[in-house]
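*Asks:* Structure below; questions to follow.
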Amino acid sequence: MPKALITDLAGPTLSDAEARWLEDDDPLGIILFARNIETPEQVATLTSDFRAVVGRDDAPVMVDQEGGRVARLRPPHFWGGIAAGRLGALAEEDATEAAFLANRIMADDMAACGINADCAPCLDLRLAGADNVIGDRAFDADPDRVIALGRAAAEGLAAGGVQPTTKHMPGYGRVQADPHFKLPVIGASLEELEASDLVPFKALRDQAWGMTAHAVYSAIDPAAPATLSPIVIREVIRGAIGFDGVLVTDALDMEALSGSHAERAVRCLEAGCDIAMHCNAPLDIRRAVSDAVPELSAEAARRLAAASATTPTPNQQFDRAEALDRLSALMGEAVH
């Protein structure tokens, strides 16, 4: 059984040292960043080499490809997508169709080079006064609008053979600090959260993957951020939201969290996350994290198998040029 870990790689090719480590430690999957991406052919080779080393053809290869400012696959070799906020600004029917098409086109790029899971869509609300870490990465402030567009985005990814990951549970819409640099504390009552922030996650609780938030929800657990909180995971994510998909952490290297990277990985799994995601560290720290992480639990393995079964084979008749033309018409400008 592989370890309950999504890790990353240093560059566009798999080094001998990384290959030995991956073979020895067998992490579940990897996540790609801009430093790993040059051309479609190069990415396809990298993902194939990773899967050959771990010996699993279906091993998860993830990426942050939301569209807009958070897009690792970019021109000239890939299409960079459209920010969720721009999609949300369209008229209702146009926005839903555009969200599906934008994500279907991005999935076309991802699937072609071996990426089978996307850290998107964001189901966070775009609330006034919050830190811009989310901003136009969110579709709207209205939970019902986020549900419609988040569902369309997830369906677009799945139609292209890429598993969606709803994020960031139970919601970053109210954060006053960027968790990449500081731990946000959200003081809203549980009643407020249930009436707004949790609503999109609850509506899309059937999705294959979900990602936790590095934020403290003081009304639920004032002592620990959601990623490390058994209370938030048990009572809110698995309980109030009802999510039973694969629960992966946001990147554990972010400064919102404290303790060594290995300690963070152990704590998140003990709290109830299925998989720890660890990125952006030298190989010796990556080794220390993987040494500390156990194999997938039986429940995590069950959820992972269920997630794999939900994603259809991409439609080989997909007409990318036609989709881009239609999306351009919806957006009122060329998006090719």
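*Asks:* Can we say Leu9 is of a type outside the set (Phe, Trp, Tyr), under 22 Å from Val293 (Cα atoms), in contact with a helix residue (DSSP H, G or I) (Cβ under 7 Å, 6 or more places away or on another chain) and not in a loop (DSSP other than H, G, I, E, B)?
*Replies:* Against the criterion (of a type outside the set (Phe, Trp, Tyr), under 22 Å from Val293 (Cα atoms), in contact with a helix residue (DSSP H, G or I) (Cβ under 7 Å, 6 or more places away or on another chain) and not in a loop (DSSP other than H, G, I, E, B)), Leu9 does not qualify.
*Asks:* For segment 286-310: of the residues being part of a helix (DSSP H, G or I) and among the hydroxyl-bearing types (Ser, Thr, Tyr), which is nearest to Ala154 (Cα to Cα)?
*Replies:* It comes out as Thr310.
*Asks:* What's the number of the only condition in (1) β-branched (Val, Ile, Thr); (2) in contact (Cβ under 8 Å) with a residue 60 or more places away in the chain; (3) outside any loop (DSSP other than H, G, I, E, B) that Thr313 fails to meet?
*Replies:* (3)
*Asks:* Looking only at segment 116-128, decide whether some residue is out of contact with any helix residue (DSSP H, G or I) (no Cβ under 9 Å at 6 or more places or on another chain), surrounded by fewer than 24 Cβ atoms within 10 Å (Cβ to Cβ) and more than 23 Å from Ser328 (Cα to Cα).
*Replies:* Among the residues of segment 116-128, at least one is out of contact with any helix residue (DSSP H, G or I) (no Cβ under 9 Å at 6 or more places or on another chain), surrounded by fewer than 24 Cβ atoms within 10 Å (Cβ to Cβ) and more than 23 Å from Ser328 (Cα to Cα), which makes the answer yes.
*Asks:* List every residue pair whose Cβ atoms lie under 7 Å apart, where the two residues are 6 or more positions apart in sequence or sit on different chains, the first residue falls within segment 22-36 and is more than 18 Å from Gly11 (Cα to Cα) and of a type in the set (Asp, Glu), and the second residue, located anywhere, is modelled with pLDDT of 95 or more and in a helix (DSSP H, G or I).
*Replies:* Hits for this filter: Asp25/Ser290; Asp26/Val54.
*Asks:* Anything in segment 162-199 that is part of a helix (DSSP H, G or I) and either under 18 Å from the mean Cα position of the chain (by Cα) or surrounded by 23 or more Cβ atoms within 10 Å (Cβ to Cβ) (or both)? List them, or say none.
*Replies:* Selection gives Leu198 alone.
*Asks:* May I pose another question? Does segment 85-96 include one or more residues that are surrounded by 15 or more Cβ atoms within 10 Å (Cβ to Cβ), of a type in the set (Lys, Arg), out of contact with any Leu (no Cβ under 7 Å at 6 or more places or on another chain) and part of a helix (DSSP H, G or I)?
*Replies:* yes
*Asks:* Criterion first (at pLDDT 95 or above, in contact with a His (Cβ under 7 Å, 6 or more places away or on another chain) and crowded, with 22+ Cβ neighbours inside 10 Å) does Asp109 satisfy it?
*Replies:* For Asp109, the condition - at pLDDT 95 or above, in contact with a His (Cβ under 7 Å, 6 or more places away or on another chain) and crowded, with 22+ Cβ neighbours inside 10 Å - is not met.
The values are calculated or read from the model by the stated rules, or taken from the named source; none is laboratory data. Predicted, not measured: the structure shown is a model, and the values here were computed from it. All Cβ positions, even for glycine, are placed from backbone atoms using ideal geometry, and neighbour counts span all protein chains on display.
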